[in-house]
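Chemist: One structure follows; several queries about it will come next.
Please treat every number below as a calculation from the coordinates, not as lab data. On a predicted model such as this, the values are computed, not experimentally measured, just so you know. Glycine also receives a Cβ, built like all others from the backbone with ideal geometry; neighbour counts cover every protein chain displayed.
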Amino acid sequence: MEVYLISLRNKGRVAAKGTLKTTDSKRVIGGSMLGTEFVGVYVDGIENKGDEELPRPLYSICTLIDVVGFIIPWPKSHVSSLFCSLLYRFLIS
């Protein structure tokens, strides 16, 4: 499922576009279990500058621009499906 990664520092701003890969809380990504608050997302592309910091660094990588093409943990609360985003944009326009 295509998803948007919502910025952790700029409320409501899309930081990247990706594909939801796992919601399994026991899945290990970057050496840590996802847990109940995170999901695994494959990062397809960046929407802004890409300087958004990762909530959990992936090995020595700390920013979104450097994880394009990787699966990363991202807070479940900051992941939005493409459908929900389009519906929201339609409703506010």
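Chemist: Among I46, I61, I71, which one shows the biggest mean-square fluctuation in a GNM of the chain, springs joining Cα atoms closer than 10 Å?
Modeler: Judging by the Gaussian network model, the answer is I61.
Chemist: Follow-up question, since we're still on this one. Working from Cα positions, state the angle (0 to 90°, nearest 10) between the long axis of helix 82-92 and the longest principal axis of the chain.
Modeler: Once rounded, one gets 30 degrees.
Chemist: Taking the Cα-to-Cβ direction at Y59 and at V28 and moving 7 Å from each Cα, how far apart do the two end points lie in nm?
Modeler: The two pseudo-label positions are separated by 1.5 nm.
Chemist: State the extension gain, in nm to one decimal, for the chain segment bounded by S80 and N48, taking 0.36 nm per residue of separation less the distance between their alpha-carbons.
Modeler: Gain in length upon complete extension: 9.9 nm.
Chemist: Ignoring GluC sites (Glu not before Pro) that are buried or in helix or strand per DSSP, and keeping those with at most 16 other beta carbon atoms within 10 Å, what is the longest stretch of the chain between them?
Modeler: 48-93
Chemist: Turning to a different aspect of this structure: How much net charge surrounds G45 when only the other residues with a Cβ under 12 Å from the Cβ of G45 are counted, with Lys and Arg +1 and Asp and Glu -1?
Modeler: Summing Lys/Arg as +1 and Asp/Glu as -1 gives -2.
Chemist: What does the convex hull of the Cα atoms come to per residue for the chain, in Å³?
Modeler: 87
Chemist: With runs of 4+ DSSP H residues as the only contributors, calculate the mean residue ellipticity of the chain at 222 nm using -39,500 (n - 2.57) per run, divided by the residue total and rounded to the nearest 500.
Modeler: -3500 deg cm²/dmol
Chemist: Return the single residue from S60, S80, S32 with maximal mean-square fluctuation; model: Gaussian network over the chain, springs between Cα atoms under 10 Å.
Modeler: S60
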